[in-house]
Amino acid sequence: MTARALPRTSRRFTLLGAPFDGAATLGWPGSRYAPDRIRAAMRWILQRREGGQIYCLDHAALHPFPDDLLTDGGDVHTVAHDLEATLAGAAAGVRDTLAAGHTPVLLGGDDSLLYPAARGLAESTAGTVAVVHLDAHLDLLDRSEQQGAHSHSSGMRRASELPNVDLAASVQLASRHFNFPSSLSFREQAGLRNIPAAEIHRRGTEAIAEDVIAQIAAADRVLLAFDIDCVDPAHAPGAGAHEPGGLTSFQALDLVQRLAPYVDALVLTEVNPLTDLHDRTANLAAYLVAHFVVHGGSPDAAPEGALS
Ligand SMILES: [Mn+2]
């Protein structure tokens with residue numbers, strides 16, 4: 001299998017908020033407050049733009065950052081008491097953004113929003129869609145008495161039911177601890193690859209990113225679904241659940257930088273200002289978005305501005 005030939009170039013991004021946590025059926029609600037906290041943290045980062053560029057210290061390089069690189073598209077249509085209407089509103093926001101030629105960055109909200117992000121992308125292409133899913137959990141729960149059809153535990157399962165989502169080209173990253181044996185049989189039947197957090201710690205993010213890029217090569221479009229609980233609670237305390245043994249903030253940022261050029265939409269979920277400490281997690285989320293935009297925006301333009 002070969003890597004995708006051409007990373008996306010010269011893109012424009014639209015930020016969409018989805019202030020909804022009505023599907024946080026387990027764990028802590030509060031992610032409805034995340035979009036605005038992440039936006040506030042973004043302002044701190046973006047003030048360092050100058051002359052249409054930003055200086056990336058990680059790679060000692062200047063990157064283009066024109067005024068229209070990242071536009072805030074406001075919040076998608078959410079209805080606090082109506083899960084289905086909210087999922088439809090989020091999917092429409094992603095679809096409309098793609099139709100306008102921009103790359104959507106959807107800020108949840110709880111992780112039920114993985115599904116409408118996948119749906120919006122899947123409905124925007126005649127081709128296939130892969131999901132790169134960073135999460136402590138598998139989110140493969142099927143319909144259940146306790147959590148219904150759509151919850152923060154079933155986004156990946158519902159996405160898998162979309163006709164053009166290709167699970168064999170998808171991959172789940174940073175999972176850990178315990179899950180249902182039925183999730184293992186579902187994964188094996190679907191050919192859905194899983195790279196646990198332990199493997200990322202052992203092999204390092206560079207080797208893992210290469211694996212992911214090869215894995216998604218067969219898909220026409222790629223969704224990056226980032227549940228903040230893929231990051232260790234020591235680095236991201238403001239989450240819907242705490243699962244020790246997760247990624248460091250550095251590993252998360254490095255993976256996003258490496259994968260961004262290959263990704264057509266980002267959904268970032270489960271940041272929870274009610275359990276956060278001094279906006280530590282909202283700040284990490286803002287940096288994840290900034291690196292996604294900078295490194296996914298015009299990766300081919302970086303060398304001409306290289307400083308070293
Ligand atoms: Mn999770």
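What follows is calculated from the coordinates using simple rules that are stated; it is not laboratory data. In this text the structure is predicted, and so the values were computed from the model without any measurement. FYI the Cβ positions are ideal-geometry reconstructions off the backbone, even for glycines, and counts take in every protein chain you see.
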Original post:
Out of (1) in contact with a helix residue (DSSP H, G or I) (Cβ under 9 Å, 6 or more places away or on another chain); (2) within 16 Å of the ligand (Cβ to nearest atom), what's the single condition that is false for Pro233?
Top reply: (1)
**OP:** Would you point out the residue of the stretch 7-54, among those that are within 21 Å of Leu113 (Cα to Cα) and among the aromatic types (Phe, Trp, Tyr), that is surrounded by the fewest Cβ atoms within 10 Å (Cβ to Cβ)?
**Re:** Trp28
**OP:** Read through the list (1) at positive phi; (2) away from the ligand (no atom under 16 Å from the Cβ); (3) touching a residue at least 40 places away in the same chain (Cβ under 8 Å), then give the number of the only condition that Glu270 fails.
**Re:** (2)
**OP:** Take Asp227 and decide whether it is within 16 Å of the ligand (Cβ to nearest atom), in contact with a strand residue (DSSP E or B) (Cβ under 9 Å, 6 or more places away or on another chain), free of Cβ contacts under 8 Å to residues at least 24 places away in the same chain and acidic (Asp, Glu).
**Re:** no
Original post:
Do we find a residue being more than 11 Å from the ligand (Cβ to nearest atom) and part of a helix (DSSP H, G or I) anywhere in the stretch 141-154?
Top reply: no
Original post:
Would you pick out the residues in the stretch 84-129 that are assigned to a strand (DSSP E or B) and more than 26 Å from Asp68 (Cα to Cα)?
Top reply: Val129
Original post:
Of all residues in the stretch 69-84 being among the small types (Gly, Ala, Ser) and loosely packed, with under 14 Cβ neighbours inside 10 Å, which is nearest to Thr103 (Cα to Cα)?
Top reply: Gly74
**OP:** Go through the stretch 237-248 and count every residue that is away from the ligand (no atom under 11 Å from the Cβ) and surrounded by 19 or more Cβ atoms within 10 Å (Cβ to Cβ).
**Re:** 2
Original post:
Just wondering, is there one or more residues in the stretch 165-187 that are over 24 Å from Gln257 (Cβ atoms), more than 13 Å from the ligand (Cβ to nearest atom), in contact with a Gly (Cβ under 9 Å, 6 or more places away or on another chain) and among the polar types (S, T, N, Q)?
Top reply: no
Subject >> Any pair with Cβ under 8 angstrom, 6 or more apart, that starts in the stretch 96-107 at a residue that is at positive phi and ends at one that is surrounded by fewer than 21 Cβ atoms within 10 Å (Cβ to Cβ) and charged (D, E, K, R) >> reply: Gly101/Arg12
